[in-house]
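Step one of this worksheet: look at the structure below.
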């Protein structure tokens, strides 16, 4: 199945190249919004999530309290959704939250780096 999807208004999305591992979430957010993606958090984050995220992005849904400091950001463009997972401490990335992986909503295909077990290292996701 191709990661290139045709959106309702005729433009396409190549989910595989939409983001980059290690990209700062603030840069990713700015680029996504320039391409028509709008913040659509699955739930409203609480104050602790906001503190863990370290940014004021409207797309933030939640953050974990352990491990690599994962946070989830959600977006919508037409009928399509996008979930972006970041890590606060991604090896080789700059300071702050960096993109680790992303998925195309309900289809659940993953791009970027995945972790099979809590203590396992990050490896390329199977959907690439």
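The values are calculated or read from the model by the stated rules, or taken from the named source; none is laboratory data. Source: prediction; values computed, not measured. Counting neighbours? That spans all protein chains shown, and the Cβs are built from the backbone with ideal geometry, glycine included.
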Legend entry - Single residue of region 49-62 satisfying the filter (modelled with pLDDT under 95 and in contact with a strand residue (DSSP E or B) (Cβ under 8 Å, 6 or more places away or on another chain)) that is nearest to residue 93 (Cα to Cα): 53
Inset, instruction - Name every residue in region 81-128 that is in contact with a helix residue (DSSP H, G or I) (Cβ under 9 Å, 6 or more places away or on another chain) and assigned to a loop (DSSP other than H, G, I, E, B), in order of residue number. - result: 88, 96, 97, 104, 109, 127, 128
Inset, instruction - Filter region 106-121 for residues that are within 15 Å of the chain's Cα centre (by Cα) and under 15 Å from residue 89 (Cα atoms) and give the result. - result: 113, 114, 115
Inset, instruction - Please list, ordered by first then second residue, the pairs with beta carbon atoms under 9 Å, 6 or more apart or interchain, first in region 111-124 and on the phi > 0 side of the Ramachandran plot and modelled with pLDDT of 75 or more, second assigned to a strand (DSSP E or B) and surrounded by fewer than 17 Cβ atoms within 10 Å (Cβ to Cβ). - result: 112/124
Inset, instruction - Taking only region 69-80 into account, find how many residues are touching a residue at least 40 places away in the same chain (Cβ under 8 Å) and either in a loop (DSSP other than H, G, I, E, B) or in contact with a helix residue (DSSP H, G or I) (Cβ under 7 Å, 6 or more places away or on another chain) (or both). - result: 6
Inset, instruction - Could you tell me which numbered condition residue 17 fails, if it satisfies all but one of (1) within 23 Å of residue 92 (Cα to Cα); (2) surrounded by fewer than 16 Cβ atoms within 10 Å (Cβ to Cβ); (3) modelled with pLDDT of 95 or more? - result: (3)
Inset, instruction - Just one of (1) within 20 Å of residue 109 (Cα to Cα); (2) more than 12 Å from the chain's Cα centre (by Cα) trips up residue 89, so point out which. - result: (1)
